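What follows is calculated from the coordinates using simple rules that are stated; it is not laboratory data. The model shown is predicted, which means the values in this text are computed figures rather than measured ones. Backbone-built Cβ (ideal geometry, glycine too); neighbour counts: all protein chains shown.
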Amino acid sequence: MINTTAFSRLKILIGIVLYFFSNVFMSESKLYLIPTQLSESTLLSNTSELVAKKLAEIDIFFAENIRSARRFLTNFQLKNKLQETLIFQVDKDTSIKDCIELLTTHAQTSINLGYMSEAGCPGIADPGAVLIHAAHQLEIAVRPLSGGSAITMALMASGLQGQQFTFLGYLPIEKDKKLLALQIAIKEMQELKRSMICMETPYRNNEMLSFLVTHLPMQSWLSVSCNLTEEDEANSAMSIKDWKATKILPELHKKLCVFCFGVH
């Protein structure tokens, strides 16, 4: 006959041991936030030695898009063979619960974890924030690595002040909601003298530029940055008065663009 008291004590002991080892691994694990290229053509030249070094130390990766992550990783020396490297998807549909389960499972068997954005810096205009939040909850050390961000690079090139700025992300698609969002941003821009930054999907860039030129105040400044780090990179900035005087607006269709506006 099984001694239930002894069996219960054994279960408790096993639980304590597992909890201890789990926390030991968690406390030693690190989640590296890996910036990726803004441009395919400048991938290697714009990837720092530190990023390349850390890529070679990572056991398991998380990425917004697994296919493009594998394509990115083919350019670097990895700890394991690429076909044997585990990559888990973390996208806009991934919940905090999903991330906790992923990290709880894999941080116990891996010391170095890495998250890659689709382009630019993880967690900025990117769904990776939910994974980073989960890592903090589990007391996993978070280590961001430096790299290019289209948002900050566009602000750098805009001629607008960078002491205070707001990233608006993507404005609403519906016209009424988009106009309301812009009006709120304009009020903040004027009252706080704050630079504003927004993006749009590449196939709606022309519409966005026309919308901003039409609705921004005449005295405000608008900068458009396209294909940053590409050979055909372009940064155009002028007052709305001058934009309105431009007979033909630049062609932005299917280009990666960031829009900055503000007042001087």
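A simple rule links phi to the HN-Hα coupling: the Karplus curve 6.51 cos²θ - 1.76 cosθ + 1.60 with θ = phi - 60°, which for the stretch 239-253 gives 6, 4, 4, 6, 4, 5, 7, 6, 5, 10, 6, x, 7, 10, 4 Hz, with x for Gly and Pro. Each Cα pair of the stretch 150-262 feeds into the Kirkwood radius, which the Stokes-Einstein equation turns, at 4 °C and 1.567 mPa s, into a diffusion coefficient of 93 µm²/s.
The mean of 1/r over all distinct Cα pairs in the stretch 73-214, once inverted, gives the Kirkwood hydrodynamic radius of 18.1 Å.
Computed from the coordinates I sent, Cα Rg over 2.2 N^0.38 Å equals one of [x] 1.27; [y] 1.82; [z] 3.06. Tell me the label. Step by step, Cα Rg over 2.2 N^0.38 Å for this structure corresponds to label [x]. Applying the Karplus relation 6.51 cos²θ - 1.76 cosθ + 1.60 with θ = phi - 60° to the stretch 90-104 yields 3J(HN,Hα) values of 10, 10, 5, 8, 7, 8, 4, 5, 4, 5, 4, 5, 4, 5, 4 Hz, where x marks Gly and Pro.
The label point for residue 46 and the one for residue 129, both projected 7 Å from the Cα toward the Cβ, are 2.3 nm apart.
Across the stretch 26-151, Cα-Cα pairs more than 25 Å apart make up 15 percent of the total.
Here the Gaussian network model covers the chain, with springs between Cα atoms less than 10 Å apart; of 98, 242, 232, 232 fluctuates the most.
Between the amide H of residue 143 and those of 31, 32, 33, distances stay under 5 Å, these residues lying 5 or more places away or on another chain, with hydrogens modeled in the peptide plane. Shown in residue order for the stretch 212-217 are the 3J(HN,Hα) couplings computed by the Karplus curve 6.51 cos²θ - 1.76 cosθ + 1.60 at θ = phi - 60°: 5, 4, 6, 10, 6, x Hz (x for Gly and Pro). Counted residue by residue at 0.36 nm each, then reduced by the alpha carbon distance between them, the extension gain from residue 83 to residue 192 reaches 34.1 nm.
Other residues within the sphere of radius under 13 Å centred on the Cβ of residue 29, judged by their own Cβ, net out at -2 (K and R +1, D and E -1). Of the GluC sites (Glu not before Pro) found in the stretch 200-264, those that fall in a DSSP loop while having at most 14 other beta-carbon atoms within 10 Å are 231, 251.
The distance separating the Cα centre of the stretch 163-213 from that of the stretch 96-118 comes to 34 Å. Close amide H pairs (under 5 Å, H built 1.01 Å from N) link residue 120 with 36, 37, 38, residues at least 5 positions away or on another chain. When only Cα pairs below 8 angstrom with a gap of at least 6 residues are kept, the chain shows a relative contact order of 21 percent. Each helix, a run of at least 4 DSSP H residues, gives -39500 (n - 2.57); summed and divided by the residues of the chain, these come to -12000 deg cm²/dmol at 222 nm.
Taking 12 Å as the straight-line reach from the Cα of residue 30, the aspartates and glutamates in range (excluding those fewer than 8 positions away in the same chain) are 57, 59, 139. Less than 5 angstrom separates the built amide H of residue 88 from those of 61, 62, 63, all sequence-distant by 5 or more or on a different chain.
Residue separation of residue 214 and residue 74 scaled by 0.36 nm, minus their Cα-Cα distance, works out to 45.9 nm of gained length.
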